[in-house]
1. What helices does the chain have that are whole DSSP H segments, at least 27 Å long along their own axis by Cα, and with mean Kyte-Doolittle hydropathy of -0.5 or more?
2. Need one number: nm distance between label points at Lys152 and Val179, each 7 Å from Cα along Cα→Cβ, rounded to one decimal.
3. Based solely on its DSSP helices, what 222 nm [θ] is calculated for the chain when runs of n ≥ 4 H residues each add -39,500 (n - 2.57) and the sum is averaged over all residues, nearest 500 deg cm²/dmol?
4. Between Ala209 and Glu72, what is 0.36 nm times their sequence separation minus the Cα-Cα distance? Round to one decimal in nm.
5. When averaged across all projection directions, what area in nm² does the alpha-carbon convex hull of the stretch 155-298 cover?
6. When we measure straight from the Cα of Lys261, which lysines land under 30 angstrom away, once same-chain ones fewer than 8 places off are left out?
7. State the extension gain, in nm to one decimal, for the chain segment bounded by Asp161 and His259, taking 0.36 nm per residue of separation less the distance between their alpha-carbons.
8. Evaluate the distance, in nm, between pseudo-label points positioned 7 Å from the Cα of Gln238 and of Leu220 along their respective Cα→Cβ axes.
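Bear in mind that the values in this text are calculations on the coordinates, not laboratory data. This is a predicted model, so every value here is computed, not measured. Ideal geometry is used to build each Cβ from the backbone, glycine not excepted, and the neighbour counts take in all protein chains shown.
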Amino acid sequence: MPYARDEGLTSAVGVGVEEGVGLTALMVAAARAIETHRPDALAGDPYAEHFVRAATVSAGWPVRPEQVPDGEADPLWGRLGRYFGLRTRVIDDFLVNTARAGVRQVVLFGAGLDTRAFRLDWPPGLVVHEIDRDGVLAFKHRVLDGLAAVPKATRHTIAADLRDDWVRPLAEAGFDPAVPTAWLAEGLLLYLPPWAERGLVESVNRLSAPGSVLACEVKLGVESPQVRASPVYTVARQRIGVDLLALFDGEPRPDSVGHLKDLGWATTVRTPFDFTYHYGRGPLPVPNDSLASNRWIFAGKS
């Protein structure tokens, strides 16, 4: 099955978006839009709701908290949506802090509807490289161009499939392996075939100068039948047609944390709930939790 970072799209115009792959991108955008309008928002993305409204399939989805009847109790737009809002804030902070510490280029794998090039306060001279497929980038450009959006960093888009050669087009876009880089694989590795995940880690290591960092998200082990029956999964499938369980690659996942350690990277593994407690907002553990096996990995190369 195709990889499907939960930011990825496959339609150039948002009409007739492929089920699963495109819908997950729009689902996360809707969650970011709702988070943006919360009075206690962890992250703000003024572009997110415009992506949702631009695609016919998602035009009627909620983009504000008052449009979610059950509020925080809603498994999809409450619990899972709050998870995406928390993840957005954590990654925002990570990237901005590393940029201020000396990173001068950022690479977003499966960039999809990520708008960090437009909404974060980057230091002067920073370059953001966004890698995704043609259809994804075309839809994104159409929406952002319609809003006259202006990036806050030098922005390069690279049309490439992460199962194929993405290194060459990244280099052709001006990527400099001698410069410290922040790499981001957010909501991506869960969907890649294991061989593609291993290859991505190897390439990141080879292309990373000292001082480079990587943030990514993984799932541990195989979820039990009770977890797979979680309302987060069932409601997403029934209400908006996003079958997350079908999208997850079914092969045993590689040990990317161990792989990075073997390559000399210092790694930190955190749960989403660690950040819920830190910020005072976000999802908390529940029985048979679909979020319990999620881990956020932060790694650095010295």
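1. Numbers: long enough: 81-100 (29 Å, -0.20).
Qualifying helices: 81-100.
2. The two pseudo-label positions are separated by 1.9 nm.
3. On the way: 12 runs with 113 residues, N = 302.
Only helices count here, giving -10500 deg cm²/dmol.
4. Numbers: separation 137, 0.36 × 137 = 49.32 nm, distance 4.26 nm.
Stretched fully, the Ala209-Glu72 segment lengthens by 45.1 nm.
5. 10.3
6. Cross-link targets: Lys219, Lys301.
7. Numbers: separation 98, 0.36 × 98 = 35.28 nm, distance 2.25 nm.
Answer, rounded to one decimal: 33.0 nm.
8. 3.0
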